[in-house]
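Here is the structure we will look at, set down as C-alpha cells.
The values are calculated or read from the model by the stated rules, or taken from the named source; none is laboratory data. Keep in mind that this is a model prediction, so the values were computed, not measured. Every residue, glycine as well, gets a Cβ built from its backbone with ideal geometry; the counts of neighbours run over all protein chains shown. Keep in mind that these areas ignore ligands, DNA and RNA; they rest on the heavy atoms of the full protein, side chains included. Shrake-Rupley method; radii C 1.70, N 1.55, O 1.52, S 1.80 Å.
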Amino acid sequence: MRVISGLYRGRILRSPPDRKTRPTSDRLRESLFNVLAPRIGEDTRFLDLCAGTGAIGIEALSRGAGFVTFIDKSRRACALIEENLDVLDIPENHTEIICLGAETFTGREHEQPWDIAFFDPPYDTNYGPVIFDFGEHLNKLLSIEGILVVEHHTKKPMPDASGDLRRWRVLKQGETSLSFYERS
C-alpha cells in the first residue's frame with residue numbers, strides 16, 4: 001500500500017500481517033480524494049474513523065490537510081498507524097491517535113469539529129449509530145460545511161438522511177461504495 005499523491009507520494013505504508021483489516025484500495029482512495037481535493041487545505045481538520053492502517057488520514061495529510069485525528073478500537077491498528085506516521089516523519093502536532101470504538105468516540109462531546117470525516121468500519125457493522133451521531137444538530141462532530149464520507153458494501157443500504165445530514169452523492173467501484181453526506 002502506498003501514498004497516492006502529495007507530499008508523501010509513492011511512499012510505502014506498512015500493512016497489518018493479518019487479513020482482518022480491509023484497507024481501502026488505491027483506486028478507491030484516488031477517487032475519494034479527487035472528490036475531496038477542493039475541500040482540503042492547511043486549515044482542514046480530517047477525522048479517520050476505523051482508521052486501520054491510517055492510509056486515508058495519511059493521504060489527507062499528504063494532500064495538505066492541517067490536522068488528522070485517527071480513531072480505531074484496535075491497539076494493534078493504533079500502533080500500526082503510529083509506525084506509519086513515524087516512517088513518514090509526520091510531525092506529531094499534525095495528528096492524534098485515539099484507541100476507541102467509533103460509536104463511543106462519536107457519542108462524546110468534542111471541543112472542535114472536523115471538516116471532513118471518513119468512516120470505514122467492517123462491513124458487517126451497524127453503521128446507524130455513528131451516522132446518527134453525525135446528524136445530530138447539537139453535535140460538534142462536523143463543521144458547518146463539513147462532510148461525512150461512509151465506505152460500505154454496495155449492497156448494504158445507507159440512509160439518504162439522518163437528522164441534519166443529507167446524502168448528496170454515491171460513488172460506486174465494484175462491490176464498494178462511498179456515500180457522501182453534508183448538512184442540509
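Some observations on this one:
- Cα gyration tensor category, rounded, prolate or oblate, for the stretch 1-128 with a/c compared to 1.5: rounded
- Computed [θ] at 222 nm, helices only, for the chain once each DSSP H run of length n ≥ 4 contributes -39500 (n - 2.57): -7000 deg cm²/dmol
- Cα gyration tensor shape for the stretch 28-88, rounded if a/c is under 1.5, else prolate or oblate: prolate
- Cα shape, the stretch 77-184, gyration tensor, a/c 1.5 rule: oblate
- When only Cα pairs below 8 angstrom with a gap of at least 6 residues are kept, the stretch 40-115 shows a relative contact order of 34 percent.
- Applying both filters, DSSP loop and at most 10 other Cβ atoms within 10 Å, to the GluC sites (Glu not before Pro) of the stretch 64-142 gives E109, E111.
- Remark: relative contact order (the chain) = 17 percent; criterion is Cα-Cα distance under 8 angstrom and separation of 6 or more residues.
- Accessible surface area normalised per residue over the chain is 51 Å², counting heavy atoms of protein chains with a 1.4 Å rolling probe.
- Apportionment of accessible area to carbon and sulfur, the stretch 51-103, percent (1.4 Å): 46 percent
- Note on the chain: dipole from Cβ charges, positive end direction compared against G41, A161, A117; the farthest Cα belongs to A161.
- Protection proxy ranking for 143-150, 154-161, using the average of other Cβ atoms within 10 Å per residue and placing the highest first: 143-150, 154-161.
- If both residues of a DSSP beta bridge must be in the chain, then about 50% of such bridges are antiparallel.
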